[in-house]
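The values are calculated or read from the model by the stated rules, or taken from the named source; none is laboratory data. The shown structure was predicted, so the numbers you read here are calculated from the model rather than taken from an experiment. Because the Cβ atoms are built from the backbone with ideal geometry, glycine has one as well, and the counts that use them run over all protein chains shown. These area figures cover heavy atoms from the full protein model, side chains too; ligands, DNA and RNA do not enter into them. Shrake-Rupley method; radii C 1.70, N 1.55, O 1.52, S 1.80 Å.
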Amino acid sequence: MSDHRDTGGSFTARLLGAVGQLPAGEWDALTDGANPFVSHAFLTAMERSRSVGGRSGWTPVPIVIDGPDGTLAAALPAYLKDHSQGEYVFDHAWADAWHRAGGSYYPKLQIAVPFTPATGPRLLTPHPELALPLLRAAETLCRENGLSSAHATFIEPGQVPLFEAAGWLMREDIQFHWENRGYASFEDFLGALSSRKRKDLRKERAKAQEGVEIRVLTGDAIEEAHWDAFWDFYQDTGARKWGRPYLTRAAFSLLGETMADKILMVLAFEGGEPIAGALNFIGEQALYGRYWGARVDKPFLHFELCYYQAIDAAIALGLSRVEAGAQGGHKLARGYEPVRTVSAHYIVHEGLRAAIADYLEQERAGIAQDQLALGGRTPFRKD
């Protein structure tokens with residue numbers, strides 16, 4: 001598929017074999033730099049570390065459009081998938097239904113950042129008129145190569161209308177994000193909570209911090225020994241959640257080499273030895289919590305490193321929110337509120353498309369009810 005070309009009107013879409021085939025400056029010029037995960041550094045770290053490609057089931061196939069001067073004008077971060085793992089928008093039931101009907105759901109096209117349930121741009125271009133040609137190129141790729149479908153996940157709100165206008169099916173879900181309402185400190189944030197919840201959070205933080213030293217590291221302060229410790233934490237969590245970790249050890253070193261200023265690592269030490277850690281990425285407007293792990297089971301340490309330290313950091317950095325990853329209703333009691341996330345889906349077969357459209361209509365109604373109910377359970381004062 002690497003030589004695929006789709007010409008229409010005044011543009012030509014090309015299919016490449018890796019983001020790394022493109023100059024970093026040209027790729028990054030397609031974004032506003034606000035989201036670290038669509039950067040050339042992050043996506044090529046996934047490629048160079050073999051976290052994607054090979055036998056991972058994530059084969060890079062970025063779709064690009066060149067401008068009249070031959071430089072990059074638009075791109076989709078896209079992957080050929082032969083499974084539905086590492087996406088956090090679950091379509092296993094769709095795959096099972098289509099296989100039972102005699103169809104072949106895999107391979108499919110995934111427009112996403114691998115293993116990263118964080119909202120961000122999926123249509124990378126400063127030229128709005130190229131958004132539709134990008135999506136039409138993805139559709140053509142599916143039809144001409146026997147792919148069942150294309151899926152764009154965790155689309156930033158401003159780009160959702162572009163997928164809707166292209167006629168893709170829209171799907172909604174819920175994450176829990178912390179919103180910075182101009183807080184000057186963590187205590188200032190606690191002042192917005194009900195009295196009982198305020199006391200609960202203070203107790204949790206005090207219990208988590210007993211006997212441990214917490215260090216917040218970024219930039220050159222993150223050393224290879226810190227990555228070694230974090231790799232141990234990550235392996236433990238990955239083995240329990242997914243069967244095997246998605247990222248390789250090399251991925252962390254590459255991220256540290258190429259974008260350490262966008263990384264915030266929180267480590268807990270006991271007796272001078274690291275016992276737990278959380279990894280965050282710093283965006284222009286948000287702090288993105290990604291990975292966590294621990295060698296010991298200490299009460300509330302997870303909440304302290306992943307949620308409370310993230311709030312502290314977001315306030316200090318002047319960021320508007322913390323996105324703490326997928327799932328986790330326990331975040332609600334810690335001041336993280338339910339927020340809608342959106343994905344878009346192009347289904348080639350008309351019959352499968354109609355069935356999924358019916359399913360999504362019913363699912364959206366349930367998601368809306370869930371978000372309303374969860375919103376009423378936040379720990380904030382009700383006055």
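Being part of a strand (DSSP E or B) and of a type outside the set (A, V, I, L, M) is the filter here, so list the residues in the stretch 332-359 that pass it.
Within the stretch 332-359, Glu337, Pro338, Arg340, Thr341, Ser343, His345, Tyr346 qualify.
Taking the criterion of being within 16 Å of the chain's Cα centre (by Cα) and in a helix (DSSP H, G or I), the residues of the stretch 252-294 that qualify are Leu255, Lys262. Using the structure shown, decide if Gly219 is open to solvent by 10 Å² or more (accessible area, probe 1.4 Å), at positive phi and within 27 Å of the chain's Cα centre (by Cα). Yes.
Of the residues making up the stretch 261-279, just one is surrounded by fewer than 17 Cβ atoms within 10 Å (Cβ to Cβ), among the small types (Gly, Ala, Ser) and in contact with a strand residue (DSSP E or B) (Cβ under 9 Å, 6 or more places away or on another chain), namely Gly272.
Elements of the type strands (runs of 3 or more DSSP E) sitting completely within the stretch 141-225 and holding at least 1 residues that are hydroxyl-bearing (Ser, Thr, Tyr): these cover 149-152, 213-218. Give the residue that is farthest from Asn180 (Cα to Cα), with candidates limited to residues of the stretch 369-383 that are touching a residue at least 60 places away in the same chain (Cβ under 8 Å) and open to solvent by 40 Å² or more (accessible area, probe 1.4 Å). Of everything passing the filter in the stretch 369-383, Asp370 is farthest from Asn180 (Cα to Cα).
Annotation: of all residues in the stretch 92-119 being hydroxyl-bearing (Ser, Thr, Tyr) and in contact with a strand residue (DSSP E or B) (Cβ under 9 Å, 6 or more places away or on another chain), the one that is nearest to Leu132 (Cα to Cα) is Thr119. For the stretch 138-161, indicate whether the set of residues that are buried (at least 24 other Cβ atoms within 10 Å of the Cβ), modelled with pLDDT of 95 or more and more than 23 Å from the chain's Cα centre (by Cα) is non-empty. Within the stretch 138-161 (the criterion being buried (at least 24 other Cβ atoms within 10 Å of the Cβ), modelled with pLDDT of 95 or more and more than 23 Å from the chain's Cα centre (by Cα)), the answer is no, since none of the residues qualifies. Can you tell me which residues in the stretch 1-33 are in a loop (DSSP other than H, G, I, E, B), more than 12 Å from Leu124 (Cβ to Cβ) and either modelled with pLDDT of 95 or more or not aliphatic (A, V, I, L, M) (or both)? Matches in the stretch 1-33: Ser2, Asp3, His4, Gly9, Ser10, Leu16, Gly17, Ala18, Pro23.
Is there a residue being touching a Lys or Arg at 6+ places or on another chain (Cβ under 7 Å) and open to solvent by 50 Å² or more (accessible area, probe 1.4 Å) anywhere in the stretch 164-175? Scanning the stretch 164-175, I find no residue that is touching a Lys or Arg at 6+ places or on another chain (Cβ under 7 Å) and open to solvent by 50 Å² or more (accessible area, probe 1.4 Å), so the answer is no.
Exactly one residue out of Leu332, Leu255 is in contact (Cβ under 8 Å) with a residue 24 or more places away in the chain and closer than 28 Å to Arg48 by Cβ, and it is Leu255. Within the set Val89, Val52, Val64, the sole residue that is assigned to a strand (DSSP E or B) and either in contact with a strand residue (DSSP E or B) (Cβ under 9 Å, 6 or more places away or on another chain) or open to solvent by 10 Å² or more (accessible area, probe 1.4 Å) (or both) turns out to be Val64.
Checked against the criteria, Thr248 does not count as within 22 Å of Asp28 (Cβ to Cβ), open to solvent by 30 Å² or more (accessible area, probe 1.4 Å) and more than 16 Å from the chain's Cα centre (by Cα).
Considered as a group, the residues in the stretch 92-106 that are among the aliphatic types (A, V, I, L, M) and free of Cβ contacts under 8 Å to residues at least 60 places away in the same chain include one that is most open to solvent (accessible area, probe 1.4 Å), and that residue is Ala93.
Residues are listed down the side, and each one gets a yes or a no for (1) surrounded by 22 or more Cβ atoms within 10 Å (Cβ to Cβ); (2) more than 25 Å from Thr31 (Cα to Cα); (3) without any contact (Cβ under 8 Å) to a residue 12 or more places away in the chain:
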site	(1), (2), (3)
Pro299	no, yes, no
Ala313	no, no, no
Val348	no, yes, no
Ala365	no, yes, yes
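Residues in the stretch 128-151 that are of a type outside the set (A, V, I, L, M) and in contact (Cβ under 8 Å) with a residue 60 or more places away in the chain: Pro133, Arg136, Glu139, Thr140, Cys142, Arg143, Glu144, Asn145, Ser148, Ser149, His151.
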